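What follows is one structure encoded as C-alpha cells, with my remarks underneath.
The values are calculated or read from the model by the stated rules, or taken from the named source; none is laboratory data. Since this is a predicted model, take the numbers as computed values, not measurements. Reconstructed Cβ throughout: ideal geometry from the backbone, glycine too, with neighbour counts over all protein chains shown.
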Amino acid sequence: MENLLWLIPALPFAGALLLILFGRRMPRNLVAILGAGSVGFSALITLLLGFQFLSARPDFYVQQVWTWFDVAGFSPGIAFHLDALSLVFVFVVTFVGFLIHVYSAGYMADEEDFARFFACMNLFVGSMLMLVLADNLLLLYLGWEGVGLCSYLLIGFWYKNPANGYAARKAFIITRVGDTAMAIGLFILFQTFGTLNIQAILSEAPQTWPVGSQKAVLTAFLLLGGAVGKSGQLPLQTWLPDAMAGPTPVSALIHAATMVTAGVYLIARTNVIFELAPPAMMAVAIVGAVTLLIAGCTALTQYDLKRVLAYSTISQIGYMFLALGVGAWSAGIFHFMIHAFFKALLFLCAGAIIIALHHEQDMRQMGGLRRALPVVFWTFLIGAASLAALPLVTAGFYSKDQILWYALAGERGNVWLYLAALVGAFITAIYTFRMVFITFYGEAKTHVSHPPGLVMVVPLVILAILSTVGGFIELPHNFAHLTLFSDLLQPVLPGIAVDETIGESEWMFQTLAAGVSVVGLFLAFLFFYARPAAFQETITRSKVTMAIRDFWFSGWGFDKLYDMLFVRPYVYLSKLNKADVIDEIYTGMASLAETLNRALSRTQDGVLRNYITGVVVGAVLILTLSLLL
Amino acid sequence: MIMIWLIVILMVGGVLAWISERASIAAPRWVALLSVLVPFALTIYLWQTTSASATSPWLLQLDIPWIPQWGIGFRMALDGLSLLMLLLTFFLGILAVLVSWREIDNRVGFFFFNLLWVLAGIAGVFLTMDLFLFYFFWEVMLIPMYFQIGIWGHANRNYAAYKFFLFTQASGLLMLLAILGLYFIHGRQTGTYTFNYFELLGTSFTPEAARLLMFGFLAAFLVKLPVVPFHSWLPDAHSEAPTAGSVILAGLLLKTGAYGLLRFVIPLFPTAAPDFAPWAMLLGVIGILYGAILAFSQTDLKRLVAYTSVSHMGFVILGVFAFNELALQGVVMQMITHGLSTGALFILAGFLYSRLHTRDIRQMGGFWSVAPKMGVIMLIFVMASLGLPGLGNFIAEFLTLVGAWQANNWLTVFATIGLVLATAYSLRLMQKTFYGENALESHADAHALPDLNLREMLIALPMVAAILWLGLYPQPVLDTAKPSITQQLQAYQEPEAPVVAPVAQNAPVLILPADTLSTHHSTRGGAYVTD
C-alpha cells in the first residue's frame, strides 16, 4: 500500500500533462472529468493510505522514486515522506482541492479556455502535494516554486486584461523575494549538514547547533523569509489581495488548500530549527500578531467581497504564525485545517454570488441575497460563523480558542500576544458579519440571473458540514478533553508546556474570547444592518476617522511604500541605462580614433608648400634636439 | 580518428553545401542537415560506448606530429567535458540548420558553408589539445560568424559584425601572446619547445609571469563569455544576426569562453587563479545583476534575450572560480542548459520575426489567443530562464550557487538576488509577447499569426524534452562531466601534482613515425585499443 504514495502527486501532474497536450481537442466533459478526477483519485489514495496510517501508526512512510541527481555526495531524491504532518496537509490539499475542482466544472462552464484552466489547477495541486510530501528540502523547493508558477498562471488566467497580468507578476516576484531568502537558508543547511534531507537535518541539528546559536537563528530567519513570502505575511503580504484577479475557484485554491499555507507547513516541518532559534520563534509570533491586526483592520474597510476574504486569509494565517511562534505547533496546524474548510467554503460561496450577479464583486451592489440564493446564504453563514469563531457550534471556535489560550498561557506566550489575538478575534467578528449583513440583508440591488447548479452547490454543502464538525475532533481539555488531532501530530511536532499559574483560569479566557466574537457580531448588526446610515455619518463626520479609514483601505500604504522604494527606482534605473552606459566607452574609443584620423588626414592636403614647411620644421627640430642632447 | 572525422565531415559538408547550390536551392539545406546529423550520431555513439577509466578522464586521444621542429602537433583528446560540449554543438547545429530552412533564401549555399564552418571551428576548439591548433580553431569560428552576421543579419548588421570581429579578434590576439609566452617559458625551462597542452600543464612560473599569462588567456575567454564590462559586443551581435547565428552565438560561442576557463585557465595557473578568484566572482555577480537590470528595460526582443545571456553567464564565472565540484558541475550544466534555453528563446524570436517582421516587443502582445502552442513553448523557456525547478537551468544555477556559497557567502547572496531580477525580466518578456491584449487586432492590415507548423514543432519539441530531461534526471550528464571536473580540481588542490596526461601510465601508447598518417586510441572499460 505504501508504494502507492508516489501516485498522490503524480496523478494531478499526469492530469495536467494530458490536458496540456490534448486538452484543446478534448470535449469539455472529458476535460472536467480528467481535471477533477485526477485530484479525486489522489484524494482516494490519500484516504486509503490515511486509514492504513491511522491503524498501523508507523512514524512515517517513505518512498524514493529515483535519485534526482548526485554530485559530490549531494544526492537529493525524488522521494516522498508521509508522516502525520504531511498526512494532514495531503488530506486537506486533495479533498478541498477536489471539491474546488468539481465546483470549477460548473463555475467555468462558459469559459473558452476550459482545458488550460484545469491543466493549471491540476499542476497547482500537484506542486502543492510535492511540497508537502517531499523528503528533502530541494524537492520541497521544487513544489514551492511550482506553486508560485501556478499562482502566476492562474491569477493571470484572463490574460487579455493587463491588470490581471500585473497582479500575476506581482505575486510571482514578491513570493520569489521570499524564495531567495529561503534558498540562501538551504545553502547554509547544506554547508552545515552536507544534505538537504529533512529528517537527517532535523535529527542532526540539535547536536550541531546549540540553542540560540548564530547559524541556527540565521537559518530560521531565512526560512521565515520564504514562509512570509508564500503565506502573505508581513512584510511580503501585498501580493495576496491582488491575487483576486484570477477566477474565484483559483482564489479558493490559493487561500485554502494550497500556496498560502506553504509557509505554515515549512515552519512546522522545520520546527526543530526554529526551536533552536528563540529569536526567530519570537519573530514568527510577532509577525503573526502584527499581520493579523493589520490585515483585520484592512478587511473592515474593503467593499470588494473577495478582497475582504483575501485580507481575512492574511489575518487568519497570522493566527497560525502566532501559534507556531509560541510553540503551539499542533494548534497552528489545526487552525490551518479548519481554516481551509471554511475559507474554501466562503470563497466558493462568493464565487456563486459573483456568477449569479454577472461578475459583480462590489458588496455595495449586492444586498438582499438571502432570499434569492438560500443555499448560498446558509452555507456562507456557516462559513462566516466559523471564521468569526462563534462559540460552541463552529469549528473555528475550537481552533482559534486554542491559539488564544497558548498565546497567553504557553511558555513562550505573553499578554501582548494574547491581546493582539483577542483584538483580532473581535475585528474578525465585525468584518465577517459586516460581509454577511451587507451582502445578504437589506434591499436587493442587483438582479440574480444565474443561480448555481448542483455541481456548485454540493461542494458548498460538504464544506459547510466540515466547517462545523471538523472542530469536534479536538476539544479543550476543560471541556470534553478530546485530543484526536494533537495526538496524531504528537510524534512529529513537539508539545507545548503551559504556565501552571494561569492554567486554572482557562474557562475565564474562553468565555472572554466567546464574548468578544459575540459582541463583534452585535456591533456588525448595529452598524451594517440596524443603523447603517448613522454609522456611516459618524465615520464621515470626522477627518481623523476618514483618514484612518482611507489608510486602512489602502492596506496600510504598503503598496505605495514598496512602489516608491523598490519598483520605481528599479524601473527608472533600468530605463535610464537602457542604452548601456558601458557601451559608451567603446563607442568613445571608436569616435576618438575617427577624430584622430580626421585630424591627421588634414595634414595630407596635397599642397606642396605645406609639405616643404613640415619637412623643414621637422629637420630643424631634429637637428636642434640632437645638438642639445 | 573519429575526432578528426567529426571536424572533417563538417568542413567537407560546408564546401559541398556551397557547391551544391548550383544543383538546386534546396540541396544545400539537405547537405547541411546531413553533415550535422552524422557527427551528432557519431558523438552519441561515442557517449554510449566509451567511459572514463579510474585513472584518467580521457576517452580518446590522438597525436599526429605536424610541424615537429616547432612542437606543433595535430593533438586531440576527448573527455567528458568535451563530449558534452560536442553533443550540445551538434544538437544546436541541427536546430540551426532547421531554423534557417526557410529563413535564408539568398546565397543559401554560402550561408550553410559558413554555418558548418563555424560548427567545425567550435568542435575543433572543444577537441584540440595543442595550443597552436586551438588558436587556429578559435579563429576558424570567428570569420564565418562574421560573414553570417554581416551578410544575412538585420538592418544594423555591418556595425554589429565589425564590433563582434574587433572585440573577439583583439582579445584573441592577447591570448596568442599568452600562448607564445607560455611556449617560450616552458621551452626555456625544459628544453623542449612544444604547444602540447599536456606538457605545458606542469610549467612553473614566477608569480608575475603567471599573472600576465593568465590575463592573456582570460582576455579572450572573458570577452567571449562575456563578462561585464567586456560584454557590449554581444547585444549587437546577437540581435543583428540571423536566427541561426544568434542560436550559435548564444548557445555555443559563449560556451567556448567558459570551456576555455575550465580547460586552460584553471589547470595552467593553479597558483595565480586563486588570487584572482574573488575578483572573478565579483565580476560574475556584477554580470548577473547588470545583465538582468539591462534586460528588464529592452524593447528589442532579441536584445532582451541577449542581455539575459550576460546575466546567465555571470553564473559561469562565479562557479568556475569557486573551485569545488558542486560549482563546477553547476557550470557545466549551466553551459548546456543555457545553450538550450537561450537558443530556444532566440528561435522563438525568429519564429515571431518571420511572421511579424519586427523584433519590437512594444508591437507585440496577446499572441496566446492566436498561437497557444507557441505560447506554451515560450512559457516553458521563459520559466527555464528564470530558473524554475524541474527545468535544467535550475539544477545548474542551484549547484553553482551552493558551490559558490562554500567559497564566498556575500557574493553568493548577491548572485541569488539575481534570481529575483531574472523573474522580473522573464515575466515581462512573457507579458509583452503572449499576454495582454492582442496587438494584431489594433492594426487594420492585421497579418495573421499562424501557430507553429510541423517543422517548427520539430525544432521546439526536442528542446522542450531536453530541458525537462536535464531538469528531472541530469545524472547522465553529471556522470559524464565528473571525471574531467575531478581532474581539474585535483590540479587545483595539489598544485604540484601534474595532471594525468591522456597517455595513461598503465597503458602502452603507440607513437607512430611521422609518415604514418594516423594513430588512434580509444578506451573501452579503461583498456586502450588501437585501430
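For every residue, the table says whether it meets (1) outside any helix (DSSP H, G or I); (2) under 25 Å from the mean Cα position of the chain (by Cα).
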site: A:F334; (1), (2): no, yes
site: A:I354; (1), (2): no, yes
site: A:R364; (1), (2): no, no
site: A:F377; (1), (2): no, no
site: A:V393; (1), (2): yes, no
site: A:Y398; (1), (2): no, yes
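Please indicate, with yes or no, whether at least one residue in segment B:146-164 is over 16 Å from B:L249 (Cα atoms), without any contact (Cβ under 8 Å) to a residue 24 or more places away in the chain, within 14 Å of another protein chain (Cβ to nearest Cβ) and of a type outside the set (K, R). So far as segment B:146-164 goes, yes, one or more of its residues are over 16 Å from B:L249 (Cα atoms), without any contact (Cβ under 8 Å) to a residue 24 or more places away in the chain, within 14 Å of another protein chain (Cβ to nearest Cβ) and of a type outside the set (K, R). The criterion of at least 1 residues that are farther than 26 Å from A:G413 by Cα and out of contact with any strand residue (DSSP E or B) (no Cβ under 9 Å at 6 or more places or on another chain) is met, among helices (runs of 4 or more DSSP H) falling completely within segment A:230-319, by A:239-242, A:248-252, A:278-301. When you look at B:S369, is it within 12 Å of another protein chain (Cβ to nearest Cβ) and farther than 27 Å from B:L461 by Cβ, yes or no? Criteria not met by B:S369. Scanning segment B:31-58 for residues that are surrounded by 15 or more Cβ atoms within 10 Å (Cβ to Cβ) and over 29 Å from B:K482 (Cα atoms) turns up B:V31, B:A32, B:L33, B:S35.
Residue-by-condition table, conditions (1) surrounded by fewer than 21 Cβ atoms within 10 Å (Cβ to Cβ); (2) at positive phi; (3) at pLDDT below 90; (4) assigned to a helix (DSSP H, G or I):
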residue	(1), (2), (3), (4)
B:W138	no, no, no, yes
B:P144	no, no, no, yes
B:L174	yes, no, no, yes
B:G181	yes, no, no, yes
B:Q189	yes, no, yes, yes
B:S204	yes, no, yes, no
B:A220	no, no, no, yes
B:H231	no, no, yes, no
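Of the helices (runs of 4 or more DSSP H) lying entirely inside segment B:26-128, those carrying at least 3 residues that are of a type in the set (G, A, S) and under 19 Å from B:P144 (Cα atoms) are B:80-103, B:108-127.
Where the second residue is part of a helix (DSSP H, G or I) and the first is modelled with pLDDT of 85 or more and lies in segment A:556-570, which pairs have Cβ atoms under 8 Å and are six or more apart or on separate chains? Here the result reads A:Y570/B:I293; A:Y570/B:F296; A:Y570/B:A424, each pair linking segment A:556-570 to a residue that is part of a helix (DSSP H, G or I). Could you say whether any residue in segment A:305-315 is under 13 Å from A:G232 (Cβ atoms) and of a type in the set (F, W, Y)? Scanning segment A:305-315, I find at least one residue that is under 13 Å from A:G232 (Cβ atoms) and of a type in the set (F, W, Y), so the answer is yes. Considering the conditions (1) more than 8 Å from chain B (Cβ to nearest Cβ); (2) over 16 Å from the mean Cα position of the chain (by Cα); (3) not aromatic (F, W, Y), A:A183 is excluded by exactly one of them, (1). Among the residues making up segment B:448-477, a single one is over 22 Å from B:I377 (Cα atoms) and in contact with a Leu (Cβ under 9 Å, 6 or more places away or on another chain): B:V477. Whether any residue in segment B:294-305 is of a type in the set (S, T, Y), more than 26 Å from B:A407 (Cβ to Cβ), within 14 Å of chain A (Cβ to nearest Cβ) and in a helix (DSSP H, G or I) is what I want to check. Within segment B:294-305, one or more residues are of a type in the set (S, T, Y), more than 26 Å from B:A407 (Cβ to Cβ), within 14 Å of chain A (Cβ to nearest Cβ) and in a helix (DSSP H, G or I). Selection of segment A:205-225 for residues being assigned to a helix (DSSP H, G or I) and among the small types (G, A, S) yields A:A205, A:A216, A:A220, A:G225.
Does A:L123 satisfy the criteria of being within 14 Å of chain B (Cβ to nearest Cβ), assigned to a helix (DSSP H, G or I), without any contact (Cβ under 8 Å) to a residue 60 or more places away in the chain and of a type outside the set (G, A, S)? In short, no. Filtered by the rule that a residue be under 14 Å from the mean Cα position of the chain (by Cα) and either farther than 19 Å from A:E474 by Cα or surrounded by fewer than 24 Cβ atoms within 10 Å (Cβ to Cβ) (or both), segment A:296-316 gives A:L309, A:A310, A:Y311, A:S312, A:T313, A:I314, A:S315. Just one of the listed residues (A:A167, A:A171) is within 28 Å of B:A439 (Cα to Cα), more than 8 Å from every other protein chain (Cβ to nearest Cβ), aliphatic (A, V, I, L, M) and touching a Ser or Thr at 6+ places or on another chain (Cβ under 8 Å), and it is A:A171.
Check whether at least one residue in segment A:72-85 is hydrophobic (A, V, I, L, M, F, W, C), more than 14 Å from chain B (Cβ to nearest Cβ), part of a helix (DSSP H, G or I) and more than 22 Å from B:G392 (Cα to Cα), and report yes or no. The answer is yes, given that some residue of segment A:72-85 is hydrophobic (A, V, I, L, M, F, W, C), more than 14 Å from chain B (Cβ to nearest Cβ), part of a helix (DSSP H, G or I) and more than 22 Å from B:G392 (Cα to Cα).
Inside segment A:44-69, residues that are crowded, with 17+ Cβ neighbours inside 10 Å and more than 17 Å from A:V90 (Cβ to Cβ) make up a count of 2.
Residues considered: A:G97, A:G126, A:G156, A:G73. Of these, the only one that is closer than 20 Å to A:A352 by Cβ and among the small types (G, A, S) is A:G97. If you go through segment B:439-479 one residue at a time, how many are assigned to a loop (DSSP other than H, G, I, E, B) and modelled with pLDDT under 90? Of the residues in that region, 15 qualify. Residue count for segment A:318-349 under the criterion of being β-branched (V, I, T) and closer than 23 Å to A:I462 by Cα: the result is 2. Scanning segment A:117-172 for residues that are of a type in the set (K, R) and more than 18 Å from the chain's Cα centre (by Cα) returns a single hit, A:K160. With respect to the stated conditions, B:G257 fails to be assigned to a helix (DSSP H, G or I), within 14 Å of chain A (Cβ to nearest Cβ) and either within 16 Å of B:T416 (Cα to Cα) or of a type outside the set (F, W, Y) (or both). Listed conditions (1) in contact (Cβ under 8 Å) with a residue 60 or more places away in the chain; (2) on the phi > 0 side of the Ramachandran plot are all met by B:G387, apart from (1). Regarding A:G442, is this residue assigned to a loop (DSSP other than H, G, I, E, B), touching a residue at least 60 places away in the same chain (Cβ under 8 Å) and assigned by TED's automatic domain parsing to the domain that holds A:H358? Answer is yes for this residue. Of all residues in segment A:138-192, count the ones that are more than 21 Å from A:A257 (Cβ to Cβ), charged (D, E, K, R) and assigned to a helix (DSSP H, G or I). Summing the residues that are more than 21 Å from A:A257 (Cβ to Cβ), charged (D, E, K, R) and assigned to a helix (DSSP H, G or I) in segment A:138-192 gives 3.
Residue-wise test of (1) touching a helix residue (DSSP H, G or I) at 6+ places or on another chain (Cβ under 6 Å); (2) of a type in the set (F, W, Y).
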site	(1), (2)
B:G73	no, no
B:L81	yes, no
B:L87	yes, no
B:F113	yes, yes
B:L116	yes, no
B:M129	yes, no
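Considered as a group, the residues in segment B:396-431 that are within 7 Å of chain A (Cβ to nearest Cβ) and in contact with a Gly (Cβ under 6 Å, 6 or more places away or on another chain) include one that is nearest to B:A344 (Cα to Cα), and that residue is B:Q431. Would you point out the residue of segment A:182-228, among those that are among the β-branched types (V, I, T) and surrounded by fewer than 16 Cβ atoms within 10 Å (Cβ to Cβ), that is farthest from A:V62 (Cα to Cα)? Of everything passing the filter in segment A:182-228, A:V211 is farthest from A:V62 (Cα to Cα).
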